[in-house]
Each structure stands twice: as structure tokens, then as C-alpha cells.
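The values are calculated or read from the model by the stated rules, or taken from the named source; none is laboratory data. Owing to the predicted nature of the structure, the values given are computational and were not obtained by experimental measurement. So basically every Cβ, Gly included, is an ideal-geometry build from the backbone, and we count neighbours across all protein chains shown.
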Amino acid sequence: MNTIKRCQQLGEMTYFIRSLATVSTDQWRKPIAEGKWSAIEVVAHLHFWDRYLVEYALPDDFTRETWSELTIENMNRKASIWACSGVSCHEVIKQFLTFREGLLRFLNRMPPEDWGRTLRMGKHTLTLAEYIQEAIDHDQHHRSQLEGCFSENLKGGFVP
């Protein structure tokens, strides 16, 4: 898949999140399923991964050692704590959109050869292109969860 298509697909989550503007704070704060995160924690989770990529991995030319120290569990825990800390749903969504759009601008300006550069995350190694494809798949997984949550919980069905 080419880089333009990847960026378009990665950007789809911003349109989806914007489409949920009418969802109430109470709905955002409800768990997506029993024993799962709230919908706003899911958005915070996506934001934290984008923020990490924008602030640490990409600017340092993929060499920052922090990637090797990163644990998925720690990143996810921090996102959940932040989303439940009293920060407004509006702020979580705003931060997600800001960082995702910044990431997309950065990726759209990146030379094609850089998409093949290697990232190390813990014990895993993958190219930037592979990482972005995983992020796209990850977005689709969470979008499905959010669609299910809001279609079941909102009167009138799914929010377009």
C-alpha cells in the first residue's frame, strides 16, 4: 500500500471521532462493554500512542532508546489514568485530534524511503510502514468497539 493511502486510512479515525460530537459526557464515560474501558479511555489510548510517536520516535530519527524501554501495558495504563483524572472529554478528544493531525502532516511530508526505516519497540522491530499499518488496524478495532457502544447506548441508534 502506498504512503498516501496509508495516511488517508490513518486519518479516517479523525472524521469518525468528529462525527461523535453529539455524544454526551455520560455516554463517553460509560464502559464500552462490561469490564472494559470507557469510550473516552479508548480515545485517550489512541492519543497516547500518537503522542508518543510524534514527540519521541519520529523527531529523533527513530533512534531514541525510549522505544526499547516502552511497554504496551505502561502506555495503556497511563492513558486510562489520564482519561479518568478529571480531564474533560472535550479535552481528550481535542488532544487526540491535534496529535493525529500533526502525525498525518508529518507523515505526508516524509520521503518515501523513510517509511522503510526501522523502529524498535521493546523486543519487536518493525518498519514505520508496518507500524502505521498496525495503527490503522488498531483504529479499526477500536472504531468497531465505539460503534457498538454508541449504537447500543444512544437513543435513536448509531450516531453518524
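Kindly establish whether E73 is more than 16 Å from N2 (Cα to Cα), acidic (D, E), part of a helix (DSSP H, G or I) and at pLDDT 95 or above.
No; evaluated as a whole, the condition is false for this residue.
Starting from residues that are touching a residue at least 60 places away in the same chain (Cβ under 8 Å) and assigned to a loop (DSSP other than H, G, I, E, B), keep the ones in region 1-27 and report whichever is nearest to P111 (Cα to Cα).
Here the answer is M1.
Applying the selection to region 115-130, what residues are under 19 Å from N74 (Cα atoms) and free of Cβ contacts under 8 Å to residues at least 40 places away in the same chain?
Across region 115-130, the qualifying residues are K123, H124, T125.
Between a residue in region 93-111 that is without any contact (Cβ under 8 Å) to a residue 40 or more places away in the chain and any residue that is assigned to a helix (DSSP H, G or I) and surrounded by 14 or more Cβ atoms within 10 Å (Cβ to Cβ), which pairs come within a Cβ distance under 9 Å, given they are 6 or more apart or on different chains?
T98/H47
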